[in-house]
Amino acid sequence: MSENVILTKKYGAQQIKPVDENEVRRYAGYSGKGIDEDGALTDVLRMVEKDLSGRLSYRVCYRRMPISWEEETPVMPFYCKSKNLASCIKGCYEIIVFAATIGIEADRYIAKSQKLSPLRALIAQAYSAERVEALCDKFCCEIRELLKEEMLCATARFSPGYGDLPLKTQADIFRLLDCGRQIGVYLNESLLMSPSKSVTAIFGIKKSNGKADTQ
């Protein structure tokens, strides 16, 4: 992986792990026993999955970048005073900054569903959230395999808006990655992404201790 170069990846649907229906239910707020005794929720989920099959576009852009430290504070390629992120990437001298999206078709389907069925719209939202997380998992897994060749490992990923990492960090990530040109993702003045089923995140790279990387 080249440092300070924006790289992109595109995946086919078959490269992403199968849908975790339990995760979809959790995102939709329908986790737990007895929630779907008549099977109606599962029927809607299967319909959404069928409708969106082949319409999602799994894309990622990313940069590998060096960082330094001033005592316990990482010096990043953007202003950052997040203690939570610093804890996550402690011991790292490189980071990967990435953005991932499943494309605009999910948003269009959700908007259409809102006019037809609140339940279908809810499940479509949850299904799309699960799919973009599955994309992030696929990308991070591939990067970890590449890092192993360098005797390096990766930390967990950390996204703006989580913990004390401010959502405004989105703007810095978009400047670093040129997300609009690279993968067709844009940021509005309210720091919301379009397509909405997109994720930005950061994770650290550090020397492997010889143990299996289970992150």
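Quick notes on this structure:
- Only listed residue being over 23 Å from C80 (Cα atoms), outside any helix (DSSP H, G or I) and free of Cβ contacts under 8 Å to residues at least 24 places away in the same chain, chosen from E150, E145: E150
- Answer from I123, I183, I205 - the residue that is closer than 17 Å to R59 by Cβ, β-branched (V, I, T) and either without any contact (Cβ under 8 Å) to a residue 12 or more places away in the chain or surrounded by 14 or more Cβ atoms within 10 Å (Cβ to Cβ) (or both): I183
- E133 being surrounded by fewer than 20 Cβ atoms within 10 Å (Cβ to Cβ), at pLDDT below 95 and not basic (K, R): no
- Checking each residue in the stretch 187-202 for being touching a residue at least 12 places away in the same chain (Cβ under 8 Å) and surrounded by fewer than 23 Cβ atoms within 10 Å (Cβ to Cβ) picks out L187, L191, M193, S194, P195, S196, V199, A201.
The values are calculated or read from the model by the stated rules, or taken from the named source; none is laboratory data. As the structure is a prediction and not an experimental result, all values here were calculated from the model. Note: ideal-geometry Cβ built from the backbone for every residue, glycine included; neighbour counts use all protein chains shown.
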